[in-house]
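Peer 1: I have a structure here, written as structure tokens, and I will follow up with some questions on it.
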Amino acid sequence: MSNLVSCQVLGLDIGGANLKAVHAAGVTRTQPFHLWRAPSDLPDALRSLLREMPAHDHLAVTMTGELCDCFSTKREGVHVILDAVRAVAGSARVSVWRTDGRLVDLATARDAPLLVAAANWLALATFAGRWAPHGPALLLDIGSTTTDIIPLMNGEPAPSGRTDPERLNSGELVYTGVRRTPLCVLLPDRTAAELFATTLDAYLLLGQLPEAPGDTHTADGRPATRLAAHGRLARMLCADVETCSEAERLALARHAAIAQKSLICKSIDAVVHRMGHSPHTVIVAGSGEFLARDVASGMRWFPSARLVSLADMLGPDASTAACAHALAVLAAEMSVA
């Protein structure tokens, strides 16, 4: 993005569990923030995040946090988030990305809040199309909470729907991710139907996510370490680390990973079948890119597809914050066009 640095654009993706910021200079930050617990704290959380970023004169904003159940409607959620952005923007110009692929000012965004809701996937798909300019392609973005499976044709997004309900119904949005999905959803048989453990714990034990002793955004509030994850997985078996074996806990983690992969593959099958063409290119991104790579390599639809990793192309931090990165680039390009 070096040729775009002078634009001083900062892309901001405001989710329900994480805030992600990417500057056109390439600086990337992801900050956990549980919006549903303290929506009134969002301005302070945004200020803290922006203090870590280089100077900017343009904030390009997208969001998914409006779905949080602290809001009575998506309209309310969009307005609360936009008000928080306005409160921290200072003299910076603010533009908001919509599901029609347009950047609009704050007033226009407030007037049509449902066009603003959950539009971040389209920014990424629009940006990612440059790696697949010809023929059918697929973008597979696996995050902490959700998975986006987005068809592309000749470099352009070709979704079946644009709202979350439409995308959920089509299989292009799968509500599963590598950190926050409760294991009881993936393993409903012979496990406790409680929020005792999440996919984070499974991938910690399998060595696919790194330990983070300072991270207590876990099912029980204990650290994101393998030792603590063993305890959380044991409770899924209505046991503890003294009354079930390490082998049993590792087996549970493997079964959860297999179930999640199967769930994603089922939706990919539906999406690709509807496309009518096997993708020539598969672009993978997100904090769960390791899983996206695994899924893509094992799918019968992709025997000769070219795999493009945004972690390889842009770096792992940018891949984790791929929607914010995409929006920063798109807004910068629009500014210099």
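Peer 1: If the requirement is being part of a loop (DSSP other than H, G, I, E, B) and buried (at least 17 other Cβ atoms within 10 Å of the Cβ), which of these qualifies: ALA202, ALA228, ALA234, ALA219?
Peer 2: ALA219
Peer 1: Search region 295-337 for residues being within 20 Å of ILE258 (Cα to Cα) and crowded, with 17+ Cβ neighbours inside 10 Å, and hand back the single one that is modelled with the lowest pLDDT.
Peer 2: Restricting to residues being within 20 Å of ILE258 (Cα to Cα) and crowded, with 17+ Cβ neighbours inside 10 Å, the top hit is TRP301.
Peer 1: Under 7 Å by Cβ, and 6 or more places apart or on different chains, what pairs join a residue from region 175-194 that is assigned by TED's automatic domain parsing to the domain that holds ARG254 with one that is charged (D, E, K, R) and surrounded by fewer than 17 Cβ atoms within 10 Å (Cβ to Cβ)?
Peer 2: Pairs found: CYS184/GLU194.
The rows are residues; the columns are (1) under 27 Å from MET334 (Cα atoms); (2) in contact with a Cys (Cβ under 8 Å, 6 or more places away or on another chain).
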| site | (1), (2) |
| --- | --- |
| PRO151 | yes, no |
| VAL185 | no, no |
| PHE196 | no, yes |
| GLY214 | no, no |
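Peer 1: Moving on to the next point. With LEU168, LEU124 as the choices, which residue is under 26 Å from SER309 (Cα atoms) and free of Cβ contacts under 8 Å to residues at least 12 places away in the same chain?
Peer 2: Among LEU168, LEU124, only LEU168 is under 26 Å from SER309 (Cα atoms) and free of Cβ contacts under 8 Å to residues at least 12 places away in the same chain.
Peer 1: Within region 157-169, does at least one residue satisfy the condition of being closer than 30 Å to ALA234 by Cβ, assigned to a strand (DSSP E or B) and not aliphatic (A, V, I, L, M)?
Peer 2: No - not one qualifying residue is present in region 157-169.
Peer 1: I've got another one for you. Does region 126-136 include one or more residues that are part of a strand (DSSP E or B), touching a Ser or Thr at 6+ places or on another chain (Cβ under 9 Å) and either at positive phi or modelled with pLDDT of 95 or more (or both)?
Peer 2: Yes - at least one qualifying residue is present in region 126-136.
Peer 1: If you go through region 8-24 one residue at a time, do you hit one that is free of Cβ contacts under 8 Å to residues at least 24 places away in the same chain, hydrophobic (A, V, I, L, M, F, W, C) and either out of contact with any Asp or Glu (no Cβ under 7 Å at 6 or more places or on another chain) or farther than 21 Å from GLU333 by Cβ (or both)?
Peer 2: No.
Peer 1: Hey, another quick one. Taking into account only those residues within region 165-199 that are within 30 Å of THR126 (Cβ to Cβ) and out of contact with any Ser or Thr (no Cβ under 8 Å at 6 or more places or on another chain), which is surrounded by the most Cβ atoms within 10 Å (Cβ to Cβ)?
Peer 2: For region 165-199, the residue satisfying everything is LEU168.
Peer 1: Go through region 87-125 and give me each residue that's aliphatic (A, V, I, L, M) and not in a helix (DSSP H, G or I).
Peer 2: Listed by number, the residues that qualify are ALA92, VAL94, VAL96, LEU103, VAL104, ALA112, ALA117, ALA118, ALA119.
Peer 1: Follow-up question, since we're still on this one. Going through region 238-261 one residue at a time, which ones are crowded, with 18+ Cβ neighbours inside 10 Å and under 16 Å from PHE196 (Cα atoms)?
Peer 2: Residues satisfying the conditions are CYS244, ARG249, LEU252, ALA253, ALA256.
Peer 1: Just to be sure, is GLU76 assigned to a helix (DSSP H, G or I) and surrounded by fewer than 18 Cβ atoms within 10 Å (Cβ to Cβ)?
Peer 2: In short, yes.
Peer 1: Here are some conditions: (1) assigned to a loop (DSSP other than H, G, I, E, B); (2) buried (at least 24 other Cβ atoms within 10 Å of the Cβ). HIS277 meets all but one. Which one does it not meet?
Peer 2: It is condition (2) that HIS277 fails.
The values are calculated or read from the model by the stated rules, or taken from the named source; none is laboratory data. Treat the numbers as computed from the prediction; the structure is a model and nothing was measured. Reconstructed Cβ throughout: ideal geometry from the backbone, glycine too, with neighbour counts over all protein chains shown.
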